[in-house]
Structures are given as structure tokens and as C-alpha cells.
Amino acid sequence: MKTQEDLKYIDSVLAGDTDAFTALVNKYKDMVFTIIVKIVGNEADAEELSQDVFLKVYHSLGSFKRESRFSTWIYRIAYNAAITKTRKKKPETQALNHEVVESYTQDDIHENVYALTPQQQKSFIDKVLTSLPENDYVMITLYHKEDCSVKDISEITGLSESNVKVKLHRIRKRMQKELNQLMNKHLISRKS
């Protein structure tokens, strides 16, 4: 249904109803901004680049072939714009902390996860997400929050589908390891 709605707006824009483009911008602006800001690492640059992306999309609507979903097409444009921008200047990245506190077992961690409030659980997940490298964050967000398929992510990133599957698997493993570390540290601080 979403795809049909997008096509209706696209057809309206192509027929001269420029106001119909506003609906597409409103629908996709948050995810476009999220992709870009995570890759470029700067909100001001991301806002400017997001505007550039929507200008490019507007002027390129006639070339949208409708072979994939519109969301895949627009996210690909955003992804490529952000990657191009980062190639022009060195991105600032935050490395993952790989020190593991080994005082507690996996069972201790799993047992104590249930003692956390939903807000605390979300906080741990958010911390892990923000520590991911830019491309990993974008891929996991597209897959889990935007419900993009492996094929869609492949089209957006330019990676093969098998490479996307491998990367998603590795990202989830890395996230699990980071969550375990956070839980270990949380358990230690509670026991102190």
C-alpha cells in the first residue's frame, strides 16, 4: 500500500502538482536525515545535505524506474550523497570499546536484563547503536527500524545481498557483545 501511495504522489508531481512532493518529503525526511547525519557526523552538514538530496530527488523523479521501492531509491541517493561528502573530509568516528569485564556469567546478565525497566533497556540499546561505525548503524537501522529487506539494503549501499547478510550478522554479534559489556558494568556498579 505504501508503494502505491508513493507512486500516486510521484505521478502527481510529474503531472505538475509540486505540492504533492511535500508529502514525499514529510514521509522520508526523518530517515534521510538519520542516514546522512550518522555518516557525516554533523547535524548542520546533514541538514544541508538532506535538502540537497530532496532537490536531487525532485529533479530526478522522471528517471525513477519503479523497479524498486521509492524508499529504496531515495535512501540510496541519501547514502551516496553522505558517502561522497565524507570522502571530501575525514569522518570522525568513535571506536567500540572491546574491553570485556569477565566477572559475571551470561546467565547473570540475562537474569538481570529482566530486572531493568523498558527505559533502561532502551538506553543500553541506544548506547550500543551510537557506538557503531556509521555504515553499520545505517544498515542495522534500515533493516530493523525501516523494515528494508536485504535486497533493498543491497541496492542502497551497493553491496551484494550476501555481503549485506554477513554484515548484518556481524553487526548483531558486535551489538550483543557490547550489550553484554554494558550489562557487566551495570551489574558491577549495582553490587558496589
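The values are calculated or read from the model by the stated rules, or taken from the named source; none is laboratory data. Quantities reported herein were computed from a predicted structural model and do not represent experimental measurements. Heads up, the Cβs are rebuilt from the backbone with ideal geometry, glycines too, and the neighbour counts pull from every protein chain shown.
Please pick out the residue among 61, 24 that is over 21 Å from residue 137 (Cβ atoms), touching a Phe, Trp or Tyr at 6+ places or on another chain (Cβ under 6 Å) and not assigned by TED's automatic domain parsing to the domain that holds residue 157.
One residue alone meets the criteria, 24.
Specify the residue that is surrounded by the fewest Cβ atoms within 10 Å (Cβ to Cβ); the eligible residues are those in the stretch 1-40 that are more than 16 Å from residue 73 (Cβ to Cβ), within 13 Å of the chain's Cα centre (by Cα) and not acidic (Asp, Glu).
So, considering only residues that are more than 16 Å from residue 73 (Cβ to Cβ), within 13 Å of the chain's Cα centre (by Cα) and not acidic (Asp, Glu), the one surrounded by the fewest Cβ atoms within 10 Å (Cβ to Cβ) is 33.
Taking only pairs six or more apart or across chains, which ones have beta-carbon atoms under 8 Å, a first residue in the stretch 63-78 that is surrounded by fewer than 18 Cβ atoms within 10 Å (Cβ to Cβ), and a second residue that is not in a helix (DSSP H, G or I)?
Taking only residues 6 or more apart or on different chains, not a single pair turns up.
Based on what the data block shows, is residue 104 surrounded by 15 or more Cβ atoms within 10 Å (Cβ to Cβ) and at pLDDT below 75?
yes
Give the residue, chosen from 41, 16, that is of a type outside the set (Ser, Thr, Tyr) and touching a residue at least 60 places away in the same chain (Cβ under 8 Å). Reasoning before the result, please.
Details: 16 fails: touching a residue at least 60 places away in the same chain (Cβ under 8 Å).
Testing whether each residue is of a type outside the set (Ser, Thr, Tyr) and touching a residue at least 60 places away in the same chain (Cβ under 8 Å) leaves just 41.
Need the failing condition index for residue 130 against (1) surrounded by 17 or more Cβ atoms within 10 Å (Cβ to Cβ); (2) within 19 Å of residue 86 (Cβ to Cβ), just the number.
For residue 130, the failing item is (1).
So, of the residues in the stretch 143-167 that are in a loop (DSSP other than H, G, I, E, B) and surrounded by 14 or more Cβ atoms within 10 Å (Cβ to Cβ), which turns out to be farthest from the chain's Cα centre (by Cα)? Don't jump to the end; show me each part of the working.
We begin by selecting, within the stretch 143-167, every residue in a loop (DSSP other than H, G, I, E, B); these are 145-149, 158-160.
Subset that is surrounded by 14 or more Cβ atoms within 10 Å (Cβ to Cβ): 146, 148-149, 159.
Working: 146: 8, 148: 10, 149: 13, 159: 15 Å.
Checked the stretch 143-167; the qualifying residue farthest from the chain's Cα centre (by Cα) is 159.
Mind listing just one residue for me: the one in the stretch 53-74 that is under 19 Å from the mean Cα position of the chain (by Cα) and in a helix (DSSP H, G or I) and, of those, farthest from residue 156 (Cα to Cα)?
Once the filter is applied, the top-ranked residue is 54.
Could you tell me which of the residues 140, 77 is over 28 Å from residue 179 (Cβ atoms), outside any loop (DSSP other than H, G, I, E, B) and modelled with pLDDT of 85 or more?
Sole residue among the options that is over 28 Å from residue 179 (Cβ atoms), outside any loop (DSSP other than H, G, I, E, B) and modelled with pLDDT of 85 or more: 77.
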